[in-house]
Amino acid sequence: MAYATAENMLDYFGSQELSQLATPRRYMPVDVELLELVITGGDTSGYPANDVALAEKVVEIIELALEDASLEMDSYIRIHNTLPLNITVIYSSPLPRKNGDVARWILAKSHPSEEITERYEIALKYLTGLSNGSVRLPSEDTTDQPSSTRVIVGHTEYSIDWSTY
């Protein structure tokens, strides 16, 4: 299961960029409005069948990139976490966005822009932090108590008994 969806990718990067990155090179980039309709499940009846079929192929390419990115991410995540992750953990973490950044880099193939490469490298740093334990995913239990009883406000330190809250 991918940590993000084609619709997430649409929100993160827009239909223009997705069309340019995911349309096979032998075709003109898919119409951006058509791509949005296909991703969001909108009415495509006003478009030629060949164009709709190509847009559906582009969505498949995006989804494959998301799956490939998730597999790459899993190799880092599984070191300190049990897979598959709970959906609550996924969506309360940066994983969907990082999945989008890695998938975008995959879609860019041999010609990623500087920004795409930079965001991919940032995602890898985050994933490396997960693998070495310096970064942790949120707990499945949303009622977690803070790990410390010390709270520092300004220059004053307080001890709090969290069990009363």
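The values are calculated or read from the model by the stated rules, or taken from the named source; none is laboratory data. Since we're looking at a predicted model, the values are computed, not measured. As a convention, Cβ positions derive from the backbone with ideal geometry for all residues, glycine included, and neighbour counts pool all protein chains shown.
Details
- Candidates Thr82, Thr88, Thr23, filtered to the one that is among the hydroxyl-bearing types (Ser, Thr, Tyr) and under 23 Å from Ile106 (Cα atoms): Thr23
Each row is one residue, and each column tells you yes or no for (1) in contact with a Gly (Cβ under 8 Å, 6 or more places away or on another chain); (2) within 14 Å of Asp101 (Cβ to Cβ); (3) crowded, with 20+ Cβ neighbours inside 10 Å.
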| position | (1), (2), (3) |
| --- | --- |
| Glu7 | no, no, no |
| Leu21 | no, yes, yes |
| Thr44 | no, no, no |
| Leu54 | no, no, yes |
| Glu60 | no, no, no |
| Asp74 | no, no, no |
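- Close contacts from region 107-123, counting a first residue that is closer than 27 Å to Lys57 by Cα and a second that is assigned to a loop (DSSP other than H, G, I, E, B) and of a type outside the set (Lys, Arg), with Cβ to Cβ under 8 Å and a gap of 6+ residues or different chains, come to Ile116/Ala108; Tyr120/Pro112.
- Verdict on Glu36 being surrounded by fewer than 15 Cβ atoms within 10 Å (Cβ to Cβ) and acidic (Asp, Glu): no
- Thr44 vs. criteria of a type in the set (Ser, Thr, Tyr) and touching a residue at least 12 places away in the same chain (Cβ under 8 Å): no
- Residue check, Asp68 closer than 16 Å to Leu18 by Cα and free of Cβ contacts under 8 Å to residues at least 60 places away in the same chain: no
- Note on region 76-100: among residues that are without any contact (Cβ under 8 Å) to a residue 40 or more places away in the chain and part of a helix (DSSP H, G or I), the one that is nearest to Ala6 (Cα to Cα) is Tyr91.
- Total residues in region 1-41, condition of a type in the set (Ser, Thr, Tyr) and part of a loop (DSSP other than H, G, I, E, B): 4
- Output for region 42-75, where each listed residue is closer than 20 Å to Phe13 by Cα, hydroxyl-bearing (Ser, Thr, Tyr) and outside any helix (DSSP H, G or I): none
- Residue that is at pLDDT below 95 and closer than 30 Å to Asn132 by Cα, where the choices are Met1, Met73: Met1
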